[in-house]
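Working notes for the structure below.
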Amino acid sequence: MKLKYSLLALAAPLLMNAQQLMTPEILWTLKKVGVQAVSPDQSSLIYKIGQTDLKTEKTKSENYFLNVLNNQSVKVDLGKKALIQWDKNGLYAQEGDKIFLSKDNGKTWTEFYTIGEADNIVISPDGKKIAF
């Protein structure tokens, strides 16, 4: 029994050498996926896929709308907007010092509020108060 475990212990490093080491360059070639917002009824979400260009070290990102019920995904153009939250009133996004609201899943946007520079913005459920 001891001989069996000793042989296994000696062979383990040889088996591990067959794997490719994870380097920063390899990590950069992988696409990054992250959920940006989930609908209030949890039937759909907006997610972002980003990939880094190794030469410029800049990440190019695209947003997609996913209907969870039928598993259909459609590209969404948010421009320079960054999503804040998604609630029963619609999608809220910030671009510069302005907050925008979309009631049609990001197809059209209306200016909601001018806030100046702020981070970690949260809009109340009734849409009347903003915290940051």
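Please treat every number below as a calculation from the coordinates, not as lab data. From a predicted model like this one, the values you see are computed outputs, not experimental measurements. FYI the Cβ positions are ideal-geometry reconstructions off the backbone, even for glycines, and counts take in every protein chain you see.
Observations on the model:
- Around the amide H of residue 84, modelled in the peptide plane, lie the amide H atoms of 92, 93, 94, all under 5 Å away and 5 or more residues distant in sequence or on another chain.
- Folded to 0 to 90 degrees: helix 2-16 orientation relative to the chain principal axis, Cα: 50 degrees
- For the cross-link pairs 55/129; 31/129; 32/103; 31/80, the ones whose C-alpha atoms lie over 32 Å apart are 55/129; 31/129.
- Charging the Cβ of each Asp and Glu at -1 and of each Lys and Arg at +1, and nothing else, the dipole of the chain about its Cα centre rounds to 500 debye.
- Selection among 66, 121, 90 by position relative to the dipole of the chain gives 66 as farthest towards the positive end (Cβ unit charges, Cα centre).
- Gap separating the Cα centres of segment 33-70 and segment 75-132, nearest whole Å: 17 Å
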